[in-house]
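Every number in this text was worked out from the coordinates using simple rules, so none of it is lab data. Keep in mind it's a predicted model, so treat the numbers as computed, not measured. Neighbour counts run over all protein chains shown; Cβ positions are idealised from the backbone, glycine included.
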């Protein structure tokens, strides 16, 4: 990674890139970076939409919106190249699941599914549902067109959850396939598919077995609700799997780019290394690493020890200024020592360093400034400074 710089503007200007996925650990400014990238792309002429899966509400505020929900909302105040637009949305896991059911089931089946208590739990809190619905929503956004047949957006920027589960959506097709092909699922579907007397025969055949055990553990009503849900879902399962695999192929194709966001901290850099390794193993198109909130010092020629020695001979404001400088230089040195780990990643990956900002990002002007820093930042230094 040493010396190779991530050219953010070249990435955003590349019209063949239709999806940019920002991933990284929590607390590194990933949501802000995603919004800044989308805004900069829009102001350079792209029709962009930013999709956040992180439940943080800061994005709406910085984009001048009162709220974000499952429907893309236009962002006012976008400036720059003609034709550039920006929309923003936040994934609503349950609403997205409801939309899938309504779109791919008959009206009667959809009503049965939406009213089912198991479905209500599944669509709201079941492990893995968020990641799969992120795949669904990304696929929906990518497929959306205008009346004249053109794509509604030519760039989708995705902000993933702030943890290692940020990449769990890459497993969605495989996990979905395992679930659909699972023996337990086939067992639970069998009675509902059999119907009538066959239904009774199936239950009798499995008495004392798995279905009988579930019936005793869950109760007949609960097991019946579950079987009804699975039966109603049965005709939709193929579509679920097909769409997940199609979106996975989209993410793996040349029209997508992953950007790993990190901060100059041990844990964040370690997590960034994990994300880089995972993406490379999956064969995903990794554009580079953004190192956010890096401390800078314009007076590094006065090292920390010299500043502390001078502070010992000074007083008043001069002494306080020297102490602040010493702390800042030591932080710069410590951060560069941490970032040296990134230069040892193999194969090398382009990076860009974004300086820490003194104020929170709360509006479009601040987001523009972050975007400018992303575009103008340097690569990670090849080696740490000597204190």
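Annotations
- In terms of packing, defined here as the mean over residues of other Cβ atoms within 10 angstrom, the peptides 39-46, 88-95, 355-362 line up highest first as 39-46, 88-95, 355-362.
- Taking 0.36 nm per residue of separation and subtracting the current Cα-Cα distance, fully stretching the chain between residue 95 and residue 246 would add 52.2 nm.
- Sorted on the mean count of surrounding Cβ atoms within 10 Å across their residues, most packed first, peptides 25-36, 68-79 read 25-36, 68-79.
- In a fully extended conformation the segment linking residue 9 and residue 152 would gain 49.3 nm over its present Cα-Cα distance, using 0.36 nm per residue.
- Efficiency of FRET from Cβ geometry, residue 356 and residue 67, R₀ 25 Å, rounded to 0.05: 0.30
- Between segment 250-286 and segment 12-85, the Cα center-to-center distance that results, in Å: 19 Å
- Three-way shape label, segment 1-89, alpha-carbon gyration tensor, a/c 1.5: oblate
- Rounded to 0.05, the FRET efficiency of the residue 318 and residue 267 pair, given R0 = 45 Å and the Cβ-Cβ distance, is 0.80.
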